[in-house]
Amino acid sequence: QISLLIGFISVNNSSWTDYSAYSFFQIVSMCDLVMILFFYIMYIFRVYRKLTCVSWPLAEFLHYLIGTILLLIGSIVAAAKSYNITGLVAGATFGFLATILCVISMWSSYKVSCITQSTSK
C-alpha cells in the first residue's frame with residue numbers, strides 16, 4: 001500500500017506530456033488504495049461477520065486479481081511513456097513493486113482462506 005502511494009505521489013508531482021497514460025495510472029492506483037482501505041476497515045470492525053451473504057475471501061481475491069492486472073497494465077504504459085523523467089520512472093517502478101506485492105498478497109490470501117479451509121474439513 002505504501003509503494004502504491006509513493007508511486008501515485010511520484011507521478012502526481014511530475015510534469016507529464018501524455019495525460020491519458022498517467023491519468024490511467026493515477027486512477028488505478030487510487031482505486032486500489034481505496035479498495036485496500038475498504039477491506040482493512042471491513043476486517044478491523046468485523047463487518048464481514050454481519051454480512052454473511054457475501055463471500056469475503058472470494059471478494060478479496062477478485063479485488064486483488066483485477067487490481068493487480070490493471071496496475072500491471074498501468075505500470076507498463078507509464079514506464080513506456082516516461083521519457084526518462086525521473087518522477088515518472090519512479091512512479092512506474094513503484095507501480096511494478098506494488099504489482100509484485102499485490103501478487104504476493106493475493107497468493108497469501110488465497111492460501112489462508114482456501115487451502116486451510118479445504119484441509120480443515
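The values are calculated or read from the model by the stated rules, or taken from the named source; none is laboratory data. All figures in this text were calculated on a predicted structure; none of them were measured in a lab. Because the Cβ atoms are built from the backbone with ideal geometry, glycine has one as well, and the counts that use them run over all protein chains shown. All accessible areas refer to the heavy atoms of the entire protein, side chains included, with ligands and DNA or RNA removed. Shrake-Rupley method; radii C 1.70, N 1.55, O 1.52, S 1.80 Å.
Between helix 86-110 and the chain, what is the angle of the helix's C-alpha long axis to the longest principal axis, kept within 0 to 90° and rounded to the nearest 10? Roughly 10 degrees between the two axes.
What part of the accessible area of the chain, given as a whole %, is carbon or sulfur when the probe is 1.4 angstrom? Write down the numbers at each step before the final one.
Values: 5420 of 7450 Å².
Carbon-and-sulfur percentage of accessible area, whole number: 73.
In this simple spin-label approximation, LEU33 and VAL47 carry label points 7 Å from Cα along the Cα→Cβ vector, and these lie 1.9 nm apart. With the convex hull drawn around the C-alpha atoms of the chain, the volume per residue stands at 96 Å³. Computed from Cα positions, the angle between helix 19-44 and the longest principal axis of the chain comes to roughly 30 degrees.
Taking Cα atoms only, the orientation of helix 2-12 departs from the longest principal axis of the chain by about 30 degrees.
The equivalent ellipsoid that matches the C-alpha gyration tensor of region 1-53 spans semi-axes of 32, 11, 5 angstrom, in descending order. The loop-placed trypsin sites (Lys or Arg not before Pro) in region 10-118, going by DSSP, that have at most 15 neighbouring Cβ atoms within 10 Å of their Cβ come out as ARG46, LYS50. Annotation: peptides 89-99, 31-41, 67-77, ranked by per-residue average of other Cβ atoms within 10 Å with the highest first, follow the order 89-99, 67-77, 31-41.
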